[in-house]
Amino acid sequence: MRCFWDERQRTHKPAAEFFNGGLHPAAEHEGRVDAILAAIGTTETPTDFGMEPLRRVHDDAYLDLLRDAHDEWLAAGREGDAFPYTFPIVGRRRLGLSRIDARLGQHSFDTSTPIGPGTWEACYWSAQTAIAGLAAVLGGGSSAFAFTRPPGHHAGRDYLGGYSYLNHAAICAEAALQAGRRKIAILDVDYHHGNGTQDIFADREDVFFASIHADPSTDYPFFWGHADESIGNILNLPLPRGTDWNGYVPALTHAIDWLEESAPDLLIVSYGADTHENDPISYFKLKTSDYAPMGRRIASMDLPTLIVMEGGYAVESLGDNVASFLGGF
Ligand SMILES: [Zn+2]
């Protein structure tokens, strides 16, 4: 399988994130990169597909913020990574404020997703990596793996969160439609609900989104991913903490059957390895060897498939988990 990665994705180096009442070392760090690269072997560097595919998904004001926020943060006399600290609750007006703290709050939903000096560069090339993977599939390859980092599935049209800034699955779904594909299936198997992808494609008839994830009653992102949000082109399959492979398989089968009913002509997989039993921020019990049958089952859909990387924070197991999944696939 062709694998894509760009070294400029390393320029995002968050020092810390704020959750559970304190600052913690960032879980989404560069150690993940080396673990995955060591496991997947040779990678191809993407060409530059430009801003247009990003603009089909994300608002201009939001993209401007991602690019400029850290410069404005420094200009405001701050140090380190840019963090928001106040947020407009649902229903508040868009006021077009200019202070950096207001702008960060307008476009963020958590305090775990800071913007550093290299964040925009890393995000831009992560998106190009995804699009290069898609181009390989559209060009006749049966599948490709885009090692997207930072991840993407929590990012909405105009917001960041959950270590995500640009939504790679969404960018590639729109690009595939633009290239003439008629119906896109997105299967999200990260531990956390892909809230950004759901928001971006709600009420669409050309993109179907199925997500298997931890019950948001107990787990991040809390406000999305509940079963009763399964309407039309959205299927949410929340599972309890402690779910092992035996508990996971029925949901995987359900999600695949449901996606196949929509008769897609392209599959995008948001693959997260944070369902692993050793993951430091998650609570499922999948083993490394379980990712091979997961990959095989998804491959049995027999669709041109782009796999994009989402989470996975058990660095010692991460490379093996990715290799197991890609090997099975
Ligand atoms: Zn996750």
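FYI, it's all coordinate maths here, none of it is from the lab. The shown structure was predicted, so the numbers you read here are calculated from the model rather than taken from an experiment. Here Cβ is always computed from backbone atoms with ideal geometry, including for glycine, and neighbour counts include all displayed protein chains.
Odds and ends about this structure:
- Given (1) among the acidic types (Asp, Glu); (2) without any contact (Cβ under 8 Å) to a residue 40 or more places away in the chain; (3) within 16 Å of the ligand (Cβ to nearest atom), number of the condition GLU229 does not satisfy: (3)
- Filtered by the rule that a residue be without any contact (Cβ under 8 Å) to a residue 60 or more places away in the chain and within 14 Å of the ligand (Cβ to nearest atom), region 279-295 gives a lone residue, LEU286.
- For THR111, the stated conditions hold: it is at negative phi and in contact (Cβ under 8 Å) with a residue 40 or more places away in the chain.
- GLY118 falls short on exactly one of the conditions (1) within 24 Å of ALA273 (Cα to Cα); (2) under 19 Å from the mean Cα position of the chain (by Cα), and that condition is (1).
- Residue-level check: of (1) touching a residue at least 40 places away in the same chain (Cβ under 8 Å); (2) among the aromatic types (Phe, Trp, Tyr); (3) within 16 Å of the ligand (Cβ to nearest atom), TRP245 misses just (3).
- Qualifying helices (runs of 4 or more DSSP H) (wholly inside region 6-125; at least 3 residues being among the aliphatic types (A, V, I, L, M) and surrounded by fewer than 21 Cβ atoms within 10 Å (Cβ to Cβ)): 30-40, 60-75
- Condition met for ASP203 (free of Cβ contacts under 8 Å to residues at least 40 places away in the same chain and either within 12 Å of the ligand (Cβ to nearest atom) or on the phi > 0 side of the Ramachandran plot (or both)): yes
- Pairing residues of region 36-64 that are in contact (Cβ under 8 Å) with a residue 60 or more places away in the chain with residues that are of a type in the set (Lys, Arg), at Cβ distances under 6 Å and at least 6 apart in sequence or on separate chains, gives HIS58/ARG157; ASP59/ARG157.
- Qualifying residue in region 262-277 (condition: without any contact (Cβ under 8 Å) to a residue 60 or more places away in the chain, within 30 Å of ALA179 (Cα to Cα), away from the ligand (no atom under 15 Å from the Cβ) and of a type outside the set (Val, Ile, Thr)): no
- Tally of residues being in contact with a Cys (Cβ under 9 Å, 6 or more places away or on another chain) and either of a type in the set (Asp, Glu) or within 15 Å of the ligand (Cβ to nearest atom) (or both) across region 296-322: 1
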